[in-house]
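Engineer: My questions will all concern the structure given below.
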Amino acid sequence: MTGFKNFILRGNLVELAVAFVMAAAFAAVVTATVNMLMDLVGKIGGTPDFSNYHPGGVSVGAWITAVITFLILAAVVYFVIVLPYTEAKERYFPSPEPGTPEDIKLLQEIRDLLAAQQGGGVPPAVPPTV
């Protein structure tokens with residue numbers, strides 16, 4: 001039983017489950033928004049579904065409908081999810097200031113102390129290459 005408890009409580013299993021449930025619920029909102037926007041395209045272009053469009057006998061209507069749906073879906077996801085999430089993340093959890101990370105500073109101090117103990121003096125500080 002302890003192994004099962006550790007499995008359930010390890011990592012982000014609960015967060016992943018919550019994200020999955022929220023994504024499934026939000027998919028309905030995104031689908032409804034895309035359908036609404038496709039209806040607006042239909043009002044402008046005469047039909048929201050181009051599946052019956054066959055210029056020169058080539059069935060390109062379904063492709064046109066899929067491309068328009070994809071572009072609307074991508075715009076909805078970007079402007080409704082990605083952009084607000086990114087702004088909120090930067091507002092509440094700002095990115096750390098650029099500079100040398102603490103672990104690298106500690107390693108540099110250790111290097112300098114070891115070099116000083118060996119009589120070689122302190123080497124010039126060279127920024128690490130990443």
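The values are calculated or read from the model by the stated rules, or taken from the named source; none is laboratory data. Note that this is a predicted model, so its numbers are computed, not measured. Heads up, the Cβs are rebuilt from the backbone with ideal geometry, glycines too, and the neighbour counts pull from every protein chain shown.
Engineer: What are the residue pairs meeting all of these: first residue in the range 69-80, first residue more than 13 Å from VAL41 (Cα to Cα) and outside the structural domain of VAL29 (by TED's automatic domain parsing), second residue part of a helix (DSSP H, G or I) and among the β-branched types (Val, Ile, Thr), Cβ atoms under 6 Å, and 6 or more apart or on different chains?
Structural biologist: That search, which allows pairs on different chains as well, returns nothing.
Engineer: Where residues in the range 47-61 are among the small types (Gly, Ala, Ser) and surrounded by fewer than 14 Cβ atoms within 10 Å (Cβ to Cβ), which of them is nearest to VAL80 (Cα to Cα)? Spell out how you get there, then give the answer.
Structural biologist: Our first condition is that a residue be among the small types (Gly, Ala, Ser); within the range 47-61, this holds for 51, 56-57, 59, 61.
Now restrict to residues that are surrounded by fewer than 14 Cβ atoms within 10 Å (Cβ to Cβ): 56-57, 59.
Working: GLY56: 39, GLY57: 39, SER59: 33 Å.
Per the criteria, the residue is SER59.
Engineer: All but one of (1) under 21 Å from the mean Cα position of the chain (by Cα); (2) without any contact (Cβ under 8 Å) to a residue 24 or more places away in the chain; (3) assigned to a helix (DSSP H, G or I) hold for SER95, so report the exception by its number.
Structural biologist: (3)
Engineer: Suppose we filter ILE68, ILE44, ILE72, ILE110 for residues that are modelled with pLDDT of 85 or more and surrounded by fewer than 13 Cβ atoms within 10 Å (Cβ to Cβ); which single one remains? Steps first, please.
Structural biologist: Details: ILE68 fails: surrounded by fewer than 13 Cβ atoms within 10 Å (Cβ to Cβ); ILE44 fails: modelled with pLDDT of 85 or more; ILE72 fails: surrounded by fewer than 13 Cβ atoms within 10 Å (Cβ to Cβ).
Going through ILE68, ILE44, ILE72, ILE110 in turn, the sole match is ILE110.
Engineer: Going residue by residue through the range 92-99, is there one that turns out to be within 26 Å of MET22 (Cα to Cα), surrounded by 10 or more Cβ atoms within 10 Å (Cβ to Cβ) and hydroxyl-bearing (Ser, Thr, Tyr)?
Structural biologist: no
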